[in-house]
1. Do the alpha carbons of any pairs in Lys42/Lys218; Lys362/Lys384; Lys219/Lys384; Lys101/Lys353 sit beyond 22 Å of each other, and which pairs?
2. What percent do you get for the relative contact order of segment 32-386 when only Cα pairs under 8 Å and 6+ apart count?
3. If you average the alpha carbon positions of segment 25-99 and of segment 175-241, how far apart do those two centres end up, in angstrom?
4. Express in nm, to one decimal, how much length is gained between Ile241 and Ser179 on full extension, taking 0.36 nm for each residue of separation and deducting their alpha carbon distance.
5. Please arrange Glu237, Glu108, Glu119 by counting, for each residue, the other beta carbons lying within 10 Å of its beta carbon, fewest first.
6. Please order Thr245, Thr147 by the number of other Cβ within 10 Å, starting at the fewest.
7. If you find the alpha carbon centre of segment 329-387 and of segment 277-326, how far apart are they in angstrom?
8. Can you check what the net charge comes to around Thr270, using other residues whose Cβ is under 11 Å from the Cβ of Thr270 (Lys, Arg +1; Asp, Glu -1)?
Amino acid sequence: MRQRKTLSALTTAIALALSAGSVQANGFNIGDTDVTFGGYVKLDAMYTDSSDGQIATGIGRDFYIPSLTPVGGADEGGTFDFHARQSRFFFKTTTQLENGKTLGGHIELDFLATAGGDERITNSYSPRLRQAFITYDGWLFGQTWSTFMDLSALPDTLDFIGNTDAMPFARQAQIRYTSGNFQVAIENPETTVTPFGGGGRITTDDNATPDLVFKYGKKTEWGNWSVSALVRQLAYETATIDTTTSAFGLSATAKILLANNNDIRITATTGSGVGRYIGLNTANGAVLDGTNELDAIDSTAFAIAYRHNWNSQWRSNLVYSMLSVDNDIALTGAGVTKTTSSWTTNLIYQAAKKLMFGVEYKLANREVESGLDGDMHRLQFSAKYDF
């Protein structure tokens, strides 16, 4: 019912806008505001086989999440999954203001990683908010990609992220200012903690200060590069615990253009307490010690991707990605992740400018501090229509 109401509201809004303004090739106009919309429809079909247990039904079966590769279990055979949940839709607006400046707006939805229907009959899934922000005179206010990440470093893969082990990846509310090649932002904070001796993740939401990000990026004749710095506070407060510690991270990326429109994409990140910013929160930001004080967890990550165009319609990518976590096992226990890594290769057919088909193979490995490890093999087929 909720999905029908949401889609009905979107349809009504579009109809009212079209009746009130003028239609354009890529959207419509209402007074001083231009509205464009777009997105894509994507089908993913995946066969997954894990060496040490089966990935539970849920988000880890929709795309690769390094921390969910099973270790220490028994091989339970392969699983096959279809889904279209990555499909998305967005609206963008630009308004010419009376002061001569431009006001921009963006709102974007998809259906990935949301609660809702099961796979028995209707596969109905609730839409989720991906991005919602406004831009004005160099400022951005709202939810979008963290300033700490660089979208140009994402590889050309069928998997949702591709270089997941190493990629700084987060969307969150923020205030960002851009001046030329320089950006500075304050972003929504969140601390994730490993209990003393190990155990389930604690998500605290106790931070008193926002995360602070500085970024400098530049385009050159050979491609583009960026360097980002993250400074944050980690905090945990209960009736008996009140502790904070400082954390930082550094990330460098580059996209190097080669002949025939081929390219190499590199990302390298290191820091203390980076936590949820790398590898989809494979490692927490900190661990509690024996006196209930936070101790930041160090981690380092690296990824490299090569994109090769065979001709105007066929291309392939080879991606390596890794994450190494420096745990103090006297505090975290031996069950936490020590390393994750993955290799990805694909063959993509661009049937038309807006129509793509592809097949991809991923081999992933996760090792925990006790020495147990496990592999995941995934074969994926995708069909995607951009509009």
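1. On the way: Lys42/Lys218 32 Å; Lys362/Lys384 19 Å; Lys219/Lys384 29 Å; Lys101/Lys353 34 Å.
Table pairs above 22 Å Cα-Cα are Lys42/Lys218; Lys219/Lys384; Lys101/Lys353.
2. Details: 1037 pairs, mean separation 60.0, N = 355.
This gives 17 percent for segment 32-386.
3. Taking the Cα centre of each part, segment 25-99 and segment 175-241 sit 24 Å apart.
4. Details: separation 62, 0.36 × 62 = 22.32 nm, distance 4.12 nm.
Length gained between Ile241 and Ser179: 18.2 nm.
5. Sorted ascending by nearby Cβ count, the order is Glu119, Glu237, Glu108.
6. Numbers: Thr245 18, Thr147 28.
Ordered by Cβ neighbours within 10 Å, fewest first: Thr245, Thr147.
7. 12
8. Local net charge: -2.
Bear in mind these aren't lab numbers, they're just calculated from the coordinates by the rules spelled out. What you see is a predicted model; the values in this text were computed from it and never measured. Methodologically, a virtual Cβ is constructed for each residue, glycine included, from the backbone with ideal geometry; neighbour enumeration extends over all protein chains shown.
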